[in-house]
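The values are calculated or read from the model by the stated rules, or taken from the named source; none is laboratory data. These figures come from a predicted structure and were not determined experimentally. No Cβ is skipped: glycine too gets one built from the backbone with ideal geometry, and neighbour counts run over all protein chains shown.
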Amino acid sequence: MIQRIQSVFLFLLVLSMVAMLFLPLWSKTDPATNQTLILTAWNLKPEQAQGDAAASLPSQGTFAIGMLAIAAAVLALYEIFQFKNRLNQMKMGLLNTLVLAALLGTTFYYAMYVGNDMIQASNPGEYEPGFYMPILALLLNALANRFIRRDENLVRSVDRLR
């Protein structure tokens, strides 16, 4: 039954993880040099204002963020098609919660520690729309797990009546 509400939540989780791969996650601007540092799912790269010849910061790869987002999306997509085995779905939901928590922690680490070390400015930076996608995914995963558990409890209660 792919049309169950938990399948809709899991599909929205997949969409949020795919959107995270393409949206900026965090940015910080140094007012002294006009350099902007942008964190995406794949790299932490500097951008300079036009006509600015200041020394450029090196770009740094952040493949862990992209790979964790892909892993969470694939896990949720696989979980959708495991509707006949709800216990397996619940286990994968728990695993996906751990992957999403690691994704959120990794994103926060790159933004707060690596990015702040690259540009020494007083402002902490701005969280972009992509930063909130793992939080949305955690919420959607919790809702999906709740409805999967509700289905399992319903099936168990009907089995007791037989």
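The number of residues in the stretch 121-135 being part of a helix (DSSP H, G or I) and buried (at least 17 other Cβ atoms within 10 Å of the Cβ) comes to 4. Only one entry in M118, M90 is at pLDDT below 90 and either surrounded by 15 or more Cβ atoms within 10 Å (Cβ to Cβ) or of a type outside the set (A, V, I, L, M, F, W, C) (or both), namely M118.
Please specify each residue of the stretch 55-77 satisfying the condition of being surrounded by 14 or more Cβ atoms within 10 Å (Cβ to Cβ) and modelled with pLDDT under 95. The answer is L57, Q60, T62.
Failed condition for M20, given (1) in contact with a Pro (Cβ under 8 Å, 6 or more places away or on another chain); (2) touching a residue at least 40 places away in the same chain (Cβ under 8 Å); (3) in a loop (DSSP other than H, G, I, E, B); (4) not acidic (D, E), with all others met? In the conditions (1) in contact with a Pro (Cβ under 8 Å, 6 or more places away or on another chain); (2) touching a residue at least 40 places away in the same chain (Cβ under 8 Å); (3) in a loop (DSSP other than H, G, I, E, B); (4) not acidic (D, E), M20 misses (3) alone. When G125 is tested against (1) over 11 Å from the mean Cα position of the chain (by Cα); (2) at pLDDT 95 or above, exactly one condition is not met: (2). The residues on offer are L95, L77, L87, and the sole one that is more than 19 Å from S16 (Cβ to Cβ) and either touching a residue at least 12 places away in the same chain (Cβ under 8 Å) or within 20 Å of the chain's Cα centre (by Cα) (or both) is L87.
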